[in-house]
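Encoded as structure tokens, the structure appears first; notes follow it.
The values are calculated or read from the model by the stated rules, or taken from the named source; none is laboratory data. Owing to the predicted nature of the structure, the values given are computational and were not obtained by experimental measurement. All Cβ positions, glycine included, derive from the backbone under ideal geometry; neighbour counts span all protein chains shown.
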Amino acid sequence: MATLIDGKEAAATVIAQVSEAAAGLEKQTGVKPGLAVVIVGNDPASHAYVNSKSRMAKQCGFNSIQHSLAEETTQAELEKLVSELNADPSIHGILVQLPLPKHLNSEPVIQAISPEKDVDGLSTVNAGKIATGDLSTGLISCTPAGAMLLVKKIHGADLSGLNAVVIGRSNLFGKPMGLLLLAANATVTMAHSKTTDLASVCRQADILVAAVGRPQMVKADWVKPGATVIDVGINRIDAPEKGEGKSRLVGDVAFAEAEGVAGAITPVPGGVGPMTIAMLMANTVIAAHRTAG
Ligand code: GUN
């Protein structure tokens, strides 16, 4: 059976370090890290994520601000709020929860966030720094940074000689994840919906990272025996076995069968998910530290 990679435990370690760093920064410089989380509309899953981000920011000792905007918010109103937050010295990190309602264009909103406050690492400046191998002066996208931390727990910091396959090529995850694996010397394949014979591409992977948003798509026979499997999917599916109308969360990997083949695997929930929030807190304290330093 595969080793379970415990994201909850790894996240708790990061959160403890972040809380200590935040307390130290405030004591030495008077700067309290400030995180502003912006959500537009009524999507219940997005509200649940955002609430847990705001709660965790408070727990870390940050100034935690949440802006919940109405579904009808205009592009101009949203961009105005971003520019006010850019100008607010008590705010060091700004996160606009995605996806935005359909009538809004996320790209100009993301680009409107000051790169120094872009704790999601999505702006062109921060994405470009990762692409050019500068992993120290910008802010790295939270989910890939958290997934990398879990990979490094199994393989150490140097992935030389290892084949890594990332399924999914989003700006939010797949692209930065591929670049971080590359920066750690892995040989990286970025697979996606147009890849032919995805199963055989995946079987080459010593490190297989799934971020497709399709419940339990990666089967046991896609997994190379002994491989490390990082499951980034969070999908809610019906669970009639738990009672009528009940649901449960599953990843993009068919966990029960893949667990018998992999060397190490992240569970869903309790794998990559908690790491995203932990790395968001880490980015916020880094951003605050830079303004004080
Ligand atoms: N929606 C799902 N994941 C994320 C994330 O990491 N950042 C933002 N801004 N929105 C998301």
task: Determine if the stretch 182-196 includes at least one residue that is among the small types (Gly, Ala, Ser), surrounded by fewer than 20 Cβ atoms within 10 Å (Cβ to Cβ), free of Cβ contacts under 8 Å to residues at least 60 places away in the same chain and in a helix (DSSP H, G or I).
output: yes
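Scan the stretch 51-106 residue by residue and report those that are β-branched (Val, Ile, Thr) and either within 21 Å of Leu172 (Cα to Cα) or not assigned by TED's automatic domain parsing to the domain that holds Gly41 (or both). Break it down stepwise before answering.
Of the stretch 51-106, the ones β-branched (Val, Ile, Thr) are 65, 73-74, 82, 91, 94, 96.
Listed by number, the residues that qualify are Val82, Ile94, Val96.
Each row is one residue, and each column tells you yes or no for (1) part of a loop (DSSP other than H, G, I, E, B); (2) away from the ligand (no atom under 15 Å from the Cβ).
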{"site": "Gly213", "(1), (2)": "yes, no"}
{"site": "Gly245", "(1), (2)": "yes, yes"}
{"site": "Glu257", "(1), (2)": "no, yes"}
{"site": "Val261", "(1), (2)": "yes, yes"}
{"site": "Leu280", "(1), (2)": "no, no"}
{"site": "Asn283", "(1), (2)": "no, no"}
{"site": "Ala288", "(1), (2)": "no, yes"}
Within the stretch 64-86, restricting to residues that are touching a Ser or Thr at 6+ places or on another chain (Cβ under 6 Å) and assigned to a strand (DSSP E or B), the one that is surrounded by the most Cβ atoms within 10 Å (Cβ to Cβ) is Ser64
By residue number, the members of the stretch 69-109 that are among the polar types (S, T, N, Q) and more than 14 Å from the ligand (Cβ to nearest atom) are Thr73, Thr74, Gln75, Ser83, Asn86, Ser90, Asn105
Flagged in the stretch 137-169 as of a type in the set (S, T, N, Q), buried (at least 17 other Cβ atoms within 10 Å of the Cβ) and part of a loop (DSSP other than H, G, I, E, B), in numbering order, are Ser141
